[in-house]
1. Quick check, is A293 assigned to a helix (DSSP H, G or I) and out of contact with any strand residue (DSSP E or B) (no Cβ under 9 Å at 6 or more places or on another chain)?
2. Would you check which residues across segment 485-508 are crowded, with 18+ Cβ neighbours inside 10 Å and either at pLDDT below 95 or part of a helix (DSSP H, G or I) (or both) and list them?
3. Among (1) more than 30 Å from T357 (Cα to Cα); (2) at pLDDT 95 or above, there is one condition P264 misses while meeting the rest; what is its number?
4. Scanning for something hydroxyl-bearing (S, T, Y), over 13 Å from S271 (Cβ atoms) and without any contact (Cβ under 8 Å) to a residue 12 or more places away in the chain, does segment 290-306 turn up at least one residue?
5. Within segment 509-525, identify whether any single residue is buried (at least 18 other Cβ atoms within 10 Å of the Cβ), touching a Phe, Trp or Tyr at 6+ places or on another chain (Cβ under 7 Å) and closer than 26 Å to I380 by Cβ, and answer yes or no.
6. Identify, by number, the condition in (1) touching a helix residue (DSSP H, G or I) at 6+ places or on another chain (Cβ under 9 Å); (2) in the same structural domain as R319 (by TED's automatic domain parsing); (3) not aromatic (F, W, Y) that T527 doesn't meet.
7. Scan segment 411-424 and tell me whether some residue there is buried (at least 21 other Cβ atoms within 10 Å of the Cβ) and farther than 21 Å from G320 by Cβ.
8. Could you check, for segment 338-345, whether at least one of its residues is out of contact with any Ser or Thr (no Cβ under 7 Å at 6 or more places or on another chain), among the β-branched types (V, I, T) and in contact (Cβ under 8 Å) with a residue 60 or more places away in the chain?
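The values are calculated or read from the model by the stated rules, or taken from the named source; none is laboratory data. Computed from a predicted model, the values in this text were never measured in an experiment. Because the Cβ atoms are built from the backbone with ideal geometry, glycine has one as well, and the counts that use them run over all protein chains shown.
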Amino acid sequence: MAQLTRRRLLAGMGATTATAASAAVLTQAPAHAVPFAVEGTSGSADLGPVVVTPSDRRYQDLVIRGYNRRFTASPDSVRVVGTTQQVVDAVNAAVRSGKKVVVRSGGHCLENFVDAADNKIIIDMVAMRRIAFDTSKNAFCVETGATLGEIYRTLYYGWGVTIPGGSCPTVGAGGHFTGGGFGVRSRQHGLVADHIHAVEVVVVDSAGQAKAVVATRDASDPNNDLWWAHTGGGGGNFGIVTRFWLRSKNATGTDPGTLLPKPPGALMNASLAWKWSDMTKDSFRKLFANFGAWHEQNSAPGAPGAAVFSALTAPRVERGTLTLFAQVDPTVDGNPALLDSFVKYVTDGVVAPASSTKSGSLPWLTTTLNVPTEAAQFGISGPLRSKSKGALLKKSYSADQVGQIYDHLTDPAYGYSAAMLSLLSYGGAINSVAPKDTATFHRSSVIAASFTAYWDNAADDAKHDAWLRGLYGTVYASTGGVPTPDANNEGSYINWPDRDFTDPKLNTSGVPWYTLFYGDNYSRLKTIKAKWDPKNVFSHALSVQAS
């Protein structure tokens, strides 16, 4: 049966949690405690600071927390922190020692921003995962070590609300939120970044002194630029985010149950699968054309079709099947019929036969928290290794591009099953926000494309990289090997970081990596970087550079 896996929606992946914020130093804790315990939520003012060095038995567990095991750090120490002040102290110690410092939230960065060889101190936010309602800010306070699963569970059981984040429950808030935060509910409610009211960040001034500051959405806040930088400016750029405050932009009143989006009343899934042995190139082209055309016609803000989220996944031919997954809230009048019409539209004229199933009403939270991992789906038993590349599409791929995708997926020379292209629903409420209102510039796309390979043998790294780069480069051959912004493409999503964009052999477009990820917003991000991280304490392979 076709289904959405945690990694099928790669939007759950983020970069490091580093970021910066406003001049008002935060001195008080959230006004409300979480109303009941959440499994794994162990943030405590009494914890830490814990300094773990290579001789400590805890060291190996901390350095292998990263999702992509192609990259494993060997820092001089890992600092497990429990409070914002402990983060300030750890950063000050790193600056005094001259050692490069980075931060880890959930550990799901796709590149080696945290695990690079020159990173000597890792500040680990694993213990800072409290989730509470703060009456002083009339917003939900979420520490950056909290995972999406914990956030969904606590917001829902505590106040009946949610955020439109990614589908992987183990992703940490830090990198996910600062990179924008795209998920299954984003077509209806926008990105997570669109709901950030304020951030607390540990920054380092020109004298080399660390401090915690808070920046808010309020236009009169003198540090509003730092709030803006964290609404899609990516992690690892300005400082270390310790807390977010979440409240929808147009929310009013003081009832917490009205300040963030409501989750679906239930979920209804449609799942289709085609055997590769039945899928001709013509049927493959038709399927992709239909999927793209439907999204071009049904992704305007407020459009009825924005109620549908879908994923079309074409794995390698060795996998045996191609799948289409679609989901709606069946408790909303008209949505079950909308789901049926979507399936009918996308499958119209596709000669290859499909097996299909349609669920009844499923409970939202349980269904959301029990999405299978890609490793389980593909039978990968060893530590997961991966390479991912992304793109945002304003229009569907051309018939020539889809034909090239078919050829690459069926080429017997590669002969490996755990590699794929997935097309994910985008647009809707995401595109209701002006490009410069937040740091997330991409507000015109209707589809997010994810190119991914998974494996577990280090000796195969080059093989899988080469195949994925070959597929991606062929699809974007006419635009220099990358999704150069034009009438059809809008660049890529920073939470799917790709260092290949910096390689002139792989990106021959003449368009720099930062334009692909940040569009016209990069110049403002550079100015903010110069102001809030003047000594460039926080940096990585794709970090914002000061102007």
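1. Values: assigned to a helix (DSSP H, G or I): yes; out of contact with any strand residue (DSSP E or B) (no Cβ under 9 Å at 6 or more places or on another chain): yes.
So A293 fits the description; yes.
2. Of everything in segment 485-508, those that are crowded, with 18+ Cβ neighbours inside 10 Å and either at pLDDT below 95 or part of a helix (DSSP H, G or I) (or both) turn out to be D500, F501.
3. (1)
4. Applying the first criterion (hydroxyl-bearing (S, T, Y)) to segment 290-306 yields 299.
In the following step, the residues that additionally are over 13 Å from S271 (Cβ atoms) were identified as 299.
Still in the running and without any contact (Cβ under 8 Å) to a residue 12 or more places away in the chain: none.
Taking every residue of segment 290-306 in turn, none turns out to be hydroxyl-bearing (S, T, Y), over 13 Å from S271 (Cβ atoms) and without any contact (Cβ under 8 Å) to a residue 12 or more places away in the chain.
5. No, segment 509-525 contains no residue that is buried (at least 18 other Cβ atoms within 10 Å of the Cβ), touching a Phe, Trp or Tyr at 6+ places or on another chain (Cβ under 7 Å) and closer than 26 Å to I380 by Cβ.
6. All conditions pass for T527, except number (2).
7. Yes, some residue in segment 411-424 is buried (at least 21 other Cβ atoms within 10 Å of the Cβ) and farther than 21 Å from G320 by Cβ.
8. Taking every residue of segment 338-345 in turn, at least one turns out to be out of contact with any Ser or Thr (no Cβ under 7 Å at 6 or more places or on another chain), among the β-branched types (V, I, T) and in contact (Cβ under 8 Å) with a residue 60 or more places away in the chain.
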